Amino acid sequence: MVLASLHSETELPVQMAPLIFLSTVLTHLCGGSAGREGAALQLGGSIGSLWSRIFHLAVRDKRVMILCGMSAAFSAIFRTPVAAPIFAMEVVCVGAMHYAALVPCTISSLTASWLVSKLGLPLASYSVTDVPDLAVIPALKILLLGILCAGVSVLFCILLREAETLFSKNIQNPYLRILIASGMLWILLLFVRNQDYIGLGTNGITQSIAGETIWYAFLMKMLFTAITLAGRFKGGEIIPSFFIGAAFGCLFGQVAGLSPSFCAAISMIAMFCGVTNCPLASLLIAMELFGFAGAPYYLLAISVSYLLSGYYGLYKEQSFLSSKFTDGKVNHKTR
C-alpha cells in the first residue's frame, strides 16, 4: 500500500499505523514467523502521509514525506542509518531513485537513529571471522554463492506467492484461514521440536554468523514464513530473508571450505538484495553490519544476486524502469 501510494495519488489510511503495529505485535506474541520491517515501513509511510495532509502539501512533497517516514522507520528498526534513506529511495522504482528526497530522508534517518540510541538501543553489528584476502579462488567461490543466493531468493518469492494464492483460493473465511495457518505452524513446531523458526529468528541469524547451523534450517524458515504470511499474520519478510540467507551461507561455507561466518554474512546480504532488488542499499547495509573488510566480496555477491534474481521480488507494487540484462528500458512490476 505504501509503494502504491508513491506511484499514484491514493492516500494511506490513518488507521494503518496503529493497526499494523498491534497486528505485528500479536504475530510475534503468537509465534508467527515474520519480520518487523514491514510494520515499520507502513508505520513510517502512513505517518508521513498523515503529516502531508495536515500541512496540505503538494503530491510531490507528499511522496517525499512518505519516503522520510520510511527512512526513519527503517533506520530505527535495523539501526542502519546510512543505508536506510538509500533503501527507501531505491525500493520504490528500480532504476529511478528519487534524489530530491535524499537530504530530507537522510535527516529523518539520522534523527531516528539518534533518538533510538538515546532509548538505549545500540547500532547493529555482527562479528564476522576469517575474512579472506581478495584472491581468485575465494572470489570464484563467492561468485558461486551469489548465484545460489539468487536462486534461493527467487524460490522464496515464488513460495510466498504460491502459498498466498493457495490459501486465498481455498479458504475464503479470514478467521478460518488464520486458524488453519496457526494449526499448520503448531504441527511444524512439534515436528522440528525447537523454536528457532518462529518469531523474528534473530537468534538463528546470530548462530549462523557464529558458524553454526543445521543443513535444513533455511528451508524450514522459508516454510514457516510462507505459512505465517499466507495465513494473514502481519509482519515483514526482510528479517526472515536475513535468516534464510545466513543459514544457507553458513551451510555453503561448511561445504566449500570457506569461513562459515563470512559466507553467512555474504549470503545474508545477497539474499536481501535478491528479494528487494536494492543493490546500493544492500552494500551499505553489509558495511554497516559487518564492516569494510569484506567489501569486494560483498559487492561481488550482491551484483550477481541482483542480476540473476531477475524481476522477482517481495513487493508486488515495486516497479522496474531499467532492464537488468540490457541497456534498455522496461516498465513492469515484480513477479
Which length gain, in nm to one decimal place, applies between residue 19 and residue 215 when the Cα-Cα distance is subtracted from 0.36 nm times their residue separation?
66.9 nm
Quick one: length gained pulling residue 325 to residue 179 fully straight, 0.36 nm per residue minus the C-alpha distance?
48.2 nm
Longer than 25 Å from Cα to Cα, which of 141/316; 62/316; 62/324 are they? Say none if no pair is.
141/316; 62/324
Enumerate the amide H contacts of residue 236 below 5 Å, restricted to partners 5 or more residues apart or on another chain; note that Pro and chain-start residues carry no placed amide H.
35, 36, 37, 38, 39
Ignoring chymotrypsin sites (Phe, Trp or Tyr not before Pro) that are buried or in helix or strand per DSSP, and keeping those with at most 12 other beta carbon atoms within 10 Å, what is the longest stretch of the chain between them?
56-214
Listed residues 168, 114, 49: farthest to the positive end of the dipole of the stretch 46-182 (Cβ charges):
49
Using a simple spin-label model with points 7 Å from Cα along the Cα→Cβ vector, what separation in nm is obtained for residue 125 and residue 194?
2.8 nm
I need the semi-axes of the equivalent ellipsoid of the stretch 160-283: take the C-alpha gyration tensor, multiply each eigenvalue by 5, square-root it, list largest first in whole angstrom.
28, 17, 10
Evaluate the distance, in nm, between pseudo-label points positioned 7 Å from the Cα of residue 99 and of residue 162 along their respective Cα→Cβ axes.
4.2 nm
Explain nothing, just the number: relative contact order of the chain, from Cα pairs under 8 Å at least 6 residues apart, as a whole percent.
22 percent
Of 209, 187, 302, the most mobile residue in a GNM of the chain (C-alpha springs, cutoff 10 Å) is 187
Quick one: which residues, 5 or more positions from residue 330 or on another chain, have an amide H under 5 Å from its amide H? H modelled 1.01 Å from N in the peptide plane, none for Pro or chain starts.
322, 323
Just the accessible area per residue of the chain, please: how many Å² with a 1.4 Å probe?
45 Å²
State, to one decimal in nm, how far the label point of residue 139 lies from the label point of residue 202, with both points 7 Å from Cα in the Cβ direction.
3.7 nm
May I ask you to list, by number, the DSSP H helices of the chain whose Cα span along the axis is at least 30 Å and whose average Kyte-Doolittle hydropathy reaches 1.6 or more?
none
Can you give the FRET efficiency to the nearest 0.05 for residue 187 and residue 335, using r as the Cβ-Cβ distance and R₀ = 25 Å?
0.25
Identify which of 136, 92, 59 has the largest mean-square fluctuation in a Gaussian network model of the chain, with springs joining Cα atoms closer than 10 Å.
136
Dipole size in debye (nearest 20) for the chain around its Cα centre, Lys and Arg Cβ +1, Asp and Glu Cβ -1?
640 debye
Could you tell me which residue out of 95, 287, 302 lies farthest along the dipole of the chain toward its positive end? Charges go on the beta carbon: Lys and Arg +1, Asp and Glu -1, centred on the Cα centre.
95
Length-normalised contact order of the stretch 181-316 in % [C-alpha pairs under 8 Å, at least 6 apart]:
21 percent
Qualifying GluC sites (Glu not before Pro) for the stretch 1-95 [loop in DSSP, other Cβ within 10 Å: at most 16]:
9, 11
How long are the semi-axes of the ellipsoid equivalent to the chain, from square roots of 5 times the Cα gyration tensor eigenvalues, in whole Å, largest first?
29, 25, 19
What is the magnitude of the charge dipole of the stretch 140-207 about its Cα centre, with +1 placed on the Cβ of each Lys and Arg, -1 on the Cβ of each Asp and Glu, and no other charges, expressed in debye to the nearest 20?
60 debye
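The values are calculated or read from the model by the stated rules, or taken from the named source; none is laboratory data. Note that the structure is a prediction, hence the values are computed from the model and not measured. Cβ: placed from backbone, ideal geometry, glycine included. Neighbour counts: every protein chain shown. Ligands, DNA and RNA are excluded from the accessible area calculation, which covers all protein heavy atoms including side chains. Shrake-Rupley method; radii C 1.70, N 1.55, O 1.52, S 1.80 Å.
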